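The block underneath contains the structure these notes are about, expressed in structure tokens.
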Amino acid sequence: MTKHLLKMADLNQEDIIELLNLADQLKYDQKHGIPHRLLEGKTLGMIFQKASTRTRVSFETGMYQLGGLAQFLSSRDLQIGRGEPVQDTARVLSRYLNGIMIRTFEQKEVEDLAGYGHIPIINGLTDYAHPCQILADLMTIREYKGSLEGLNFCYIGDGNNMANSHIVGALTVGMNVSIACPDGYRPHPDVLKFAEKYGDKFKISNNVLEMAANADVLATDVWASMGQESEAKERRKVFAGFQINDDVLAAARSGALVLHCLPAHREEEITTKVFEAHANEIFDEAENRLHAQKAVLVKLMGPKEI
Ligand code: CP
Ligand code: NVA
């Protein structure tokens, strides 16, 4: 296991399975009232340069359940928001905290924080990656399908942070991956290069129904991400049709799971009907953020033997 979690490519298949096993155990403990205060006396700083519901609440609650403390650090209040360099912020915070979760725009900021600081850094979403969400998604898929290897995973929509991280995560655990996205909105070139190594286990096209054929898991995300609000109108035109709806479900395998990291825009990337029919797995997925992240926190900040 690496020292930080900056992107899915930091983890190999064994690391991911180990994290998911620990997440399952922590979920069991929490549901059965079994104390698991593995981070007693530890403090996590949480830097947010973008909004959040799930990430903030699940990290904060997770640290509390593990016996530690989480500090919410809005960039509006930090000196970093007034230009203090990341390299100084990282070195200062390393003296007080045992780990930092950061949600920001550029992946480079997260990498810099890891480079200059001396404590584990966890990416809580950048424009490039959202690894914590992918671990929760893989945990959810395993809960519903029993295993991950050999499943057909299909993502429909923008080639954004979620697409980038889904591709790397799903291929790493042995799934076949197909991506439907409009030309010009493809995933990051580094991710496409990573996927090339997997040969015909990876497909990408602008044909939604072809990509959804025989899918065991369908996933999507918003058409306009945080920071792209001014493009929302244009994106609604470009992405029309890149939607999980009844036709897409009919192309997928029967019993296909539908995942959405949330927040969802009903009647854009997913119809209300499909969303509500699959609300169980979508909200299990949201819950699993808590358990999967607790596993990450324990692995990076907890006792060495775990
Ligand atoms: N899925 C997710 O990261 O949600 P938040 O933006 O609410 O944290
Ligand atoms: N792609 C979305 C994910 C939100 C969890 C965004 O970056 O806004």
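Below, the figures for the structure above:
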read-out	value
Computed helical MRE - 222 nm, the chain, DSSP H runs ≥ 4 contributing -39500 (n - 2.57), nearest 500	-13500 deg cm²/dmol
Spherically averaged projected area of segment 111-177 from its Cα convex hull (nm²)	5.2 nm²
Per-residue ³J(HN,Hα) for segment 239-250, Karplus 6.51 cos²θ - 1.76 cosθ + 1.60, θ = phi - 60°, Hz, x for Gly and Pro	8, 3, x, 8, 9, 8, 9, 4, 5, 5, 5, 5
Highest-first arrangement of 118-131, 188-201, where packing means the average Cβ count within 10 Å	118-131, 188-201
Integer Hz, Karplus 6.51/-1.76/1.60 couplings in order for segment 292-305, x for Gly and Pro	5, 5, 4, 5, 4, 4, 5, 5, 8, 10, x, x, 4, 6
0 to 90° range, to nearest 10: angle between helix 54-65 axis and the chain longest Cα axis	40 degrees
Over segment 166-306, equivalent-ellipsoid semi-axes from the Cα gyration tensor in Å	26, 20, 18
Translational D in µm²/s for segment 261-306 (Stokes-Einstein at 37 °C, 0.692 mPa s, Kirkwood Rh from C-alpha pairs)	262 µm²/s
Under 5 Å, built H, 5+ apart or other chain: amide partners of residue 257	217, 218
Total charge dipole magnitude, the chain, about the Cα centre, Cβ charges on Lys, Arg, Asp, Glu only, Debye to nearest 20	640 debye
GluC sites (Glu not before Pro) restricted to DSSP loop in segment 79-123 with at most 16 other C-beta within 10 Å	106
Protection proxy ranking of 70-83, 241-254 - average other beta-carbon atoms within 10 Å, highest first	241-254, 70-83
Summed side-chain charge close to residue 118 - residues other than residue 118 whose Cβ falls under 11 Å, Lys, Arg +1, Asp, Glu -1	+3
Candidate lysines - alpha carbon under 24 Å from residue 273, same-chain residues fewer than 8 apart omitted	145, 233, 237
Hull shadow area, averaged, segment 146-203 [alpha-carbon convex hull, nm²]	3.7 nm²
Equivalent ellipsoid dimensions for the chain as semi-axes, Å, which come from the Cα gyration tensor, largest first	31, 22, 17
Sum of side-chain charges, residue 31 neighbourhood, beta-carbon under 14 Å (Lys, Arg +1; Asp, Glu -1)	-3
Charge dipole magnitude, Cβ of K and R +1, D and E -1 - segment 183-303, Cα centre, debye nearest 20	360 debye
Convex hull per residue volume in Å³, alpha carbons only, for segment 148-248	93 Å³
For segment 11-170, fraction of C-alpha pairs farther apart than 27 Å, in %	29 percent
Hydrodynamic radius (Kirkwood) for segment 193-258, which is based on Cα pairs only, to one decimal in Å	13.6 Å
Packing-based order for 279-292, 222-235, using average beta carbon neighbours within 10 Å, highest first	279-292, 222-235
Estimated vicinal HN-Hα couplings, Hz - segment 27-33 in sequence order (Karplus 6.51, -1.76, 1.60; Gly, Pro = x)	5, 4, 4, 5, 5, 9, x
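Values quoted throughout were computed directly from the atomic coordinates according to the rules given, and no laboratory measurement underlies them. All figures in this text were calculated on a predicted structure; none of them were measured in a lab. Quick reminder, even Gly has a Cβ in these numbers, built from the backbone with ideal geometry, and neighbours come from all protein chains shown.
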